[in-house]
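Take a look at the structure set out below.
The values are calculated or read from the model by the stated rules, or taken from the named source; none is laboratory data. No experiment lies behind these values; they were computed from the predicted model shown. Virtual Cβ from ideal backbone geometry, glycine too; neighbours counted across all protein chains shown. The accessibility values were calculated without ligands, DNA or RNA, using every heavy atom of the protein model including side chains. Shrake-Rupley method; radii C 1.70, N 1.55, O 1.52, S 1.80 Å.
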Amino acid sequence: MTKLILRLHTRAGRARLEAEETDTLSSLQEKIAAQVGVPPSEQVIAKNEAGTDVLSGGSKTLRALGLANGSILHLIQRGAAASVPTIHPTAHVPVQRQLTAKCTHGPTGACANCMGPASEDVTKDEKKPSRCTHGPAAKCANCIEDGDAKAKEVKGHCTHGPNAKCPNCLGVSDEQMKETKSACTHGPHARCPNCLEDNFIKSAKHKSFEQYLAEKRVRCADHPAEEHCVNCVPPREQRYTLKPNCPYHKPWPHGVCNKCMPATATLARQEYRHVDYIQFMNLQEFNNFVGYWTSMGMTQQRIGFMYGYYSEDPNYPDGVRAVVEAIYEPPQLGDTSGVRLLADRRKGDVDRIAEELGLEKVGWIFTALPRDYFLSSQEVREAARFQNEFSVEHPTGYMVTKFVTVVVKQDTEGHISPDAYMVSDQCQALERDNVLGESDNPKLMVERKAEHATLLPTIMANGAPTESFDPDWFLVNVNSGAPQKPRTFFKHSDFARENRRTQPSPADVKAFLNKYRSEPFHERLSDFHLLVYLAQMLDIDTALVLCRSVADKTPVSQPLQDLLGAL
């Protein structure tokens, strides 16, 4: 069974759901009801924001419905939809307005940010304050007449009536309320992306991908939800290969035209990113990886694959966070200049163990000696290959990746720290289409030499054609750090590591289990590297059974306890 992490968008905000791909739609609705308080009978679940691609068939599995890990769902309440009045064209023709960046409604809506001064063509419904969520015949604390004495006691950010109370209006002064931005829905003592300090938001070099798409949609023309314009479609997928079977001429090299020749690659820095922050939740894993490297005098570089999960990041608008729980070091040979990966016959078992634990591969990490560049040309190409391998389809149909690159190196003051990056979508496309070549200079990317009957695109940098350029064109910065109070998935992280100078042994298993003999058996097994070794020492199926006990925190069967205790 494959565990799925689903993102649910509702009127009240966003939620994270965990499910199995074999779960039915009915069981998913029960989970949604438990988490957001909307009964299944009132739920309409759609794959798109417009609500046209609705999930149906309560007995169908999530796999049959086309849901995958990371899918975004939109919850539309039947009751809420029914309360929205129908406005006939003969009664009123909406006034055309220019949406602003602060607007949160669709192209046919209106709010205080885009309405401007009231005029005779503005209906009573349009004069409602922007925080109202009801129809024109209803009333709430936001639009009740000023003459009502009780209404004056209700603060501007409250959503209840004048007889109720909430954190916004309990012991809060008017001055405190003024400090809360108009787009916020919380009280003055909370924080969200709308009210974080300006320098915090501006410190991010790149927008989140969802924020980038949302800002484009604000500029949409006034068209039906099922239609699209240049502003509501994702970035155009870039292709740098010759289009085959062009009907207008003989095949290349005997003919070529503008319709089939490779697109010009105009280098540009990417303004968005698919992951905003990578968090080393299990800091002990990171310290162990770095500690082994430093124990060899940093003369043998190391590579590891990071396993974890993705979650929303509240510090960025629509942000995505990669959370690292384990680092697996594959077979490798390292020296001062880099690392060469060897064949890994255990790779599949490691991935299956991670999957059974609800984890996935979220990136790679490697060490390097001090240098005067961020990533070398070869490292950029390797990152692009990994990102292409781990790409998934976004709900818009655009292929995206969340695979992060982390380099660990020592600075001029002797401090060791990680720097996280991704490479741009353009870099991925150039690597995928075999445009980039091997470079002897780590500070220069090069276009490969065209062979006979091969047509490569023209690469433009700073307005001029070029065959070599700076790798920094492709770099996308990702912030990194560790939590002050880690809540790691694993109970332990001190079992012997695989593929190092000293390999784990059955004696290590016995000593490890004896060290934590006072704990429940499933907690004694809660170490990623122990489970990886047990798959090798016993078999993968037995290791997966133990993984389920660790993940679900359920007792291990007595026969398996006896088997491991007899080591």
Take the residues in segment 11-47 that are farther than 26 Å from L357 by Cα and under 18 Å from the mean Cα position of the chain (by Cα), then tell me which one is surrounded by the most Cβ atoms within 10 Å (Cβ to Cβ).
K47
Every residue in segment 204-233 that is touching a residue at least 12 places away in the same chain (Cβ under 8 Å), open to solvent by 30 Å² or more (accessible area, probe 1.4 Å) and assigned to a loop (DSSP other than H, G, I, E, B), please.
K205, R219, A221, D222, H223, A225, E226, N231, V233
Find the strands (runs of 3 or more DSSP E) located wholly in segment 384-477 whose residues include 2 or more that are in contact with an Asp or Glu (Cβ under 9 Å, 6 or more places away or on another chain), and list them.
399-401, 404-410, 416-423, 445-447, 459-461
T412 vs. criteria within 29 Å of I5 (Cα to Cα), among the polar types (S, T, N, Q) and in contact (Cβ under 8 Å) with a residue 24 or more places away in the chain
no
Out of all the residues in segment 466-502, which are closer than 24 Å to R381 by Cβ, small (G, A, S) and within 19 Å of the chain's Cα centre (by Cα)?
S480
Check on Q378, under 24 Å from V290 (Cβ atoms) and in a helix (DSSP H, G or I)
yes
Just give me the residues in segment 303-320 being more than 12 Å from the chain's Cα centre (by Cα), open to solvent by 20 Å² or more (accessible area, probe 1.4 Å) and either among the small types (G, A, S) or modelled with pLDDT of 95 or more (or both), in sequence order.
F305
If we keep only residues of segment 239-262 that are surrounded by 16 or more Cβ atoms within 10 Å (Cβ to Cβ) and out of contact with any Leu (no Cβ under 8 Å at 6 or more places or on another chain), then the residue farthest from T396 (Cα to Cα) is C246
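Yes/no matrix, rows are residues, columns are (1) modelled with pLDDT of 85 or more; (2) not in a loop (DSSP other than H, G, I, E, B):
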position	(1), (2)
L4	no, yes
H9	no, yes
A15	no, yes
Q29	yes, yes
A33	yes, yes
A68	no, no
A81	no, yes
V84	no, no
Pairs where the first residue, in segment 372-391, is at negative phi and the second is modelled with pLDDT under 95 and not β-branched (V, I, T), C-beta under 7 Å, 6+ apart:
S391/M399
Is at least one residue of segment 480-497 of a type in the set (A, V, I, L, M), closer than 30 Å to M261 by Cβ, surrounded by fewer than 18 Cβ atoms within 10 Å (Cβ to Cβ) and in contact (Cβ under 8 Å) with a residue 60 or more places away in the chain?
no
Sort out which residues of segment 523-541 are open to solvent by 30 Å² or more (accessible area, probe 1.4 Å) and out of contact with any Asp or Glu (no Cβ under 8 Å at 6 or more places or on another chain), and write them in order of number.
E523, R524, M537, L538, D539, D541
Scan segment 328-347 residue by residue and report those that are part of a loop (DSSP other than H, G, I, E, B) and either open to solvent by 20 Å² or more (accessible area, probe 1.4 Å) or at pLDDT below 95 (or both).
P331, D335, T336, S337, G338, L342, A343, D344, R345, R346
In this structure, is I201 modelled with pLDDT under 80 and either β-branched (V, I, T) or surrounded by fewer than 11 Cβ atoms within 10 Å (Cβ to Cβ) (or both)?
yes
Which members of segment 298-327 meet the condition of being assigned to a strand (DSSP E or B) and β-branched (V, I, T)?
I303, V320, V323, V324, I327
Within segment 53-62, take every residue that is modelled with pLDDT of 85 or more and open to solvent by 50 Å² or more (accessible area, probe 1.4 Å) and give me the one that is farthest from the chain's Cα centre (by Cα).
S59
Which pairs do you get when a residue that is over 22 Å from P471 (Cα atoms), found in segment 254-273, comes within reach of a residue that is open to solvent by 10 Å² or more (accessible area, probe 1.4 Å) and aliphatic (A, V, I, L, M), reach meaning Cβ atoms under 9 angstrom, with the pair 6+ apart or on two chains?
V256/L242; V256/L455; C260/L242; M261/L242; M261/L455
Condition met for T90 (part of a loop (DSSP other than H, G, I, E, B), touching a strand residue (DSSP E or B) at 6+ places or on another chain (Cβ under 8 Å) and either open to solvent by 80 Å² or more (accessible area, probe 1.4 Å) or at pLDDT 85 or above (or both))
no
Subset of segment 244-285, residues in contact with an Asp or Glu (Cβ under 7 Å, 6 or more places away or on another chain) and within 20 Å of M460 (Cβ to Cβ), comes to Q270
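Every residue, every condition in (1) touching a residue at least 60 places away in the same chain (Cβ under 8 Å); (2) of a type outside the set (A, V, I, L, M, F, W, C), yes or no:
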residue	(1), (2)
L436	no, no
M445	yes, no
M460	yes, no
N477	yes, yes
S505	no, yes
I'm told H189 meets every condition in (1) modelled with pLDDT of 85 or more; (2) surrounded by fewer than 16 Cβ atoms within 10 Å (Cβ to Cβ) except one. Can you identify the failing condition by its number?
(1)
Residue under question is E389, and the condition is that it be at pLDDT 95 or above, touching a helix residue (DSSP H, G or I) at 6+ places or on another chain (Cβ under 8 Å) and of a type in the set (D, E); does it hold?
no
Whether any residue in segment 290-297 is touching a residue at least 60 places away in the same chain (Cβ under 8 Å) and in a loop (DSSP other than H, G, I, E, B) is what I want to check.
no
